[in-house]
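Report on one structure; see the data block that follows.
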Amino acid sequence: QVQLVESGGGSVQAGGSLRLSCVASRFTFINHCMAWFRQAPGKEREGVVGSYYGGGNKYYADAVRGRFTVSQDNAKNTVYLQMNSLTPEDTAMYYCAAVFSRDCGIFTWDNARKYHSWGQGTQVTVSS
């Protein structure tokens, strides 16, 4: 019933920017806690940003703080990830994830195990 669809990935030069979008169907973002994860080939999935309680609480991984910004348009049921000053280390498949608000406190925001819904992913490639 819950569907998440990411878009906005692509290939950019180092120092460039991309904006990823995650559109939800069959549920409302304000009743869920959202996050972006990324996974590079051969590496573990890692949390990038979290946006909880309709965007009231936001979390950033140290590696992206100051460069990435998460935002929500609750009327459009869309979560955005603005990525600036991209580096080759940001190259990965980026996934949108969601968990029902009642379960937001289970594990930390960057623990992939807490999220019950995932998008298909959108590829981000940053060249030097």
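Note on the chain: dipole from Cβ charges, positive end direction compared against A97, S85, A61; the farthest Cα belongs to A97. Straight-line cross-link reach from K58 at under 18 Å between alpha-carbon atoms covers these lysines, not counting any fewer than eight positions away in the same chain: K114.
The DSSP beta bridges internal to the chain are antiparallel in roughly 90% of cases. Determine the share of the stretch 1-45's accessible area contributed by carbon and sulfur atoms, expressed in whole percent, with a 1.4 angstrom probe. Carbon and sulfur: 44 percent of the exposed surface of the stretch 1-45. Once the Kirkwood radius over Cα pairs is known for the chain, the Stokes-Einstein relation at 20 °C and 1.002 mPa s delivers a diffusion coefficient of 150 µm²/s. About the centre of its Cα atoms, the chain shows a dipole size close to 220 debye [charges on the beta carbon of Lys, Arg (+1) and Asp, Glu (-1) only; nearest 20 debye].
Surface composition of the stretch 57-128: carbon plus sulfur atoms hold 49% of the accessible area, using a 1.4 angstrom probe and ignoring ligands, DNA and RNA. Surface analysis of the chain yields an accessible area of 50 Å² per residue, using protein heavy atoms and a 1.4 Å probe.
The values are calculated or read from the model by the stated rules, or taken from the named source; none is laboratory data. Remember, it's a predicted structure, so these values are computed and weren't measured experimentally. Every residue, glycine among them, receives a Cβ derived from its backbone with ideal geometry; neighbour counts consider all protein chains shown. Ligands, DNA and RNA are excluded from the accessible area calculation, which covers all protein heavy atoms including side chains. Shrake-Rupley method; radii C 1.70, N 1.55, O 1.52, S 1.80 Å.
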